[in-house]
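Inspection log for the structure reproduced underneath, given as structure tokens.
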Amino acid sequence: MEQLEEKYQLLDQDLNTHLEGLLHSTPINYWDYIKTDALLSLQTQETVFPDEMVFIMYHQVNELLFKMMLWEIQQISYKEHLTAQFFSERVLRVSRYFDMLTSSFQIMTQGMEVEQYLKFRNTLAPASGFQSAQYRKIEFSLTSLINLIDARYRKTIDRNTPYDHAFEHLYWQAAGKDYHTGKKSYTLSAFEKKYRKEFILFMEEYNTINIYARFLDLPSEAREDETLIKAMRHLDRTINITWVMAHYNTAAKYLNHGKEPQEATGGSEWAKYMHPKYQKRIFFPSVWTQEEIDTWGEDV
């Protein structure tokens with residue numbers, strides 16, 4: 001009671017008023033707390049093929065896990081008096097979510113008929129997983145912007161480069177542009193129209209508090225903590241090699257399927273866009289040796 005008195009005094013509230021309110025409140029049920037009915041109403045098919053429902057729900061689960069990751073990343077980014085223990089625990093949480101995503105690709109590879117997918121995918125065009133805004137935010141919040149720039153342009157980008165200019169040279173821009181003309185695809189244009197301003201603000205927000213920046217700001221003793229380094233390495237490899245290759249192999253099954261390779265629904269050259277040996281995305285370069293960086297993605 002003393003703790004409650006103290007809590008409501010700090011809020012300039014009368015404790016008795018709130019206690020009386022409890023008399024009239026109803027018990028909370030699982031379905032109310034989790035919002036089950038609302039959650040289960042969000043699966044709407046665009047075609048008559050049963051396996052499209054698998055595709056929809058699987059990607060919705062992905063987005064929920066992305067939200068969980070961003071929640072953990074935010075705790076590291078805004079934590080005062082950051083310790084190696086807190087840092088490594090939260091990084092491992094994010095890693096476990098990505099481990100789940102990696103293993104869950106069996107749902108995609110084994111859980112849909114190729115024939116059904118190849119029919120309903122045409123109805124989904126030009127929508128693409130490329131357009132996941134949460135995943136792009138995960139990238140912005142995990143590493144320094146320079147590590148997300150297309151390798152061909154990194155030497156022309158530095159901390160004084162305007163965010164708008166850097167945005168145009170992010171590695172995933174290449175997947176949405178015509179290689180010969182530079183014209184942006186509808187998939188990329190629509191994505192930018194909806195999220196570009198939000199992305200620029202997010203890039204600015206996490207410029208100095210992204211996970212890699214916070215790691216580099218730690219005292220040398222904390223930066224050399226073996227548990228933390230191991231956690232950083234695991235997360236980096238899991239996101240940029242293991243998870244990516246699980247996605248790559250799934251795409252290969254459905255888009256190659258013994259015939260000429262097909263374009264992704266967004267029109268990207270998915271093989272070069274996805275394979276880590278081409279992109280060489282590394283979020284935390286300082287935890288890797290030069291040899292490991294040079295051979296990134298070549299062992300898969």
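The values are calculated or read from the model by the stated rules, or taken from the named source; none is laboratory data. Worth saying up front: this structure is predicted, and the values here are computed from it rather than measured. FYI the Cβ positions are ideal-geometry reconstructions off the backbone, even for glycines, and counts take in every protein chain you see. Just the protein is used for accessible areas: all its heavy atoms, side chains included, with ligands, DNA and RNA removed. Shrake-Rupley method; radii C 1.70, N 1.55, O 1.52, S 1.80 Å.
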**Item:** Evaluated at q = 0.21, 0.29, 0.34, 0.35 Å⁻¹: base-10 log I(q)/I(0), Debye formula over Cα of the stretch 1-41
**Value:** -0.71, -0.91, -1.05, -1.08
**Prompt:** What size of dipole, in debye to the nearest 20, comes out for the chain about its Cα centre when the only charges are +1 on Lys and Arg C-beta atoms and -1 on Asp and Glu C-beta atoms?
**Reply:** 1260
**Prompt:** So how much accessible area does residue 245 have, in Å² to the nearest 10, using a 1.4 Å probe?
**Reply:** 20
**Sparsely packed trypsin sites (Lys or Arg not before Pro) within the stretch 1-108, loop by DSSP, other Cβ within 10 Å at most 13** = 35
**Prompt:** Which one of 166, 95, 59 is farthest out on the positive end of the charge dipole of the chain, using unit charges on Cβ (Lys, Arg +1; Asp, Glu -1) and the Cα centre as origin?
**Reply:** 166
**Request:** Straight distance only, please: which aspartates and glutamates reach the Cα of residue 253 with their own Cα at less than 19 Å, same-chain residues fewer than 8 apart left out?
**Result:** 51, 52, 113, 115, 263, 269
**Message:** Suppose we keep just the alpha-carbon trace of the stretch 74-122; what are its Rg and Dmax in angstrom?
**Reply:** 18.4, 54
**Request:** Would you mind checking the pairs 197/230; 67/230; 7/230 and listing those with alpha carbons more than 32 angstrom apart?
**Result:** 197/230; 7/230
**Message:** Cα atoms only: what Rg and Dmax, in Å, come out for the stretch 172-220?
**Reply:** 15.7, 47
**Message:** Students sometimes get this wrong: rank 20, 192, 224, 198 by accessible area, probe 1.4 Å, all chains present, largest first.
**Reply:** 224, 20, 198, 192
**Asked** Among the lysines in the stretch 75-194, how many pairs, 8 or more places apart or on different chains, have alpha carbons under 26 Å apart?
**Response** 18
**Asked** Which percent of the accessible area of the stretch 1-132 is formed by carbon and sulfur heavy atoms (probe 1.4 angstrom)?
**Response** 58
**Complete:** Taking chymotrypsin sites (Phe, Trp or Tyr not before Pro) as exposed when in a DSSP loop with at most 12 other Cβ atoms inside 10 Å, the chain has its longest clean stretch at 180-300
**Message:** Eigenvalues of the Cα gyration tensor times 5, then square-rooted: what semi-axes does that give for the stretch 54-295, in whole angstrom, largest first?
**Reply:** 30, 21, 17
**Request:** Could you state the accessible area per residue of the stretch 99-159 in Å², with a 1.4 Å probe and every protein chain left in place?
**Result:** 49
**Item:** Exposure rank, largest accessible area first [95, 103; 1.4 Å]
**Value:** 103, 95
**Fill in**
For the stretch 119-163, one quarter of the surface area of the C-alpha convex hull, expressed in nm², comes to 4.7
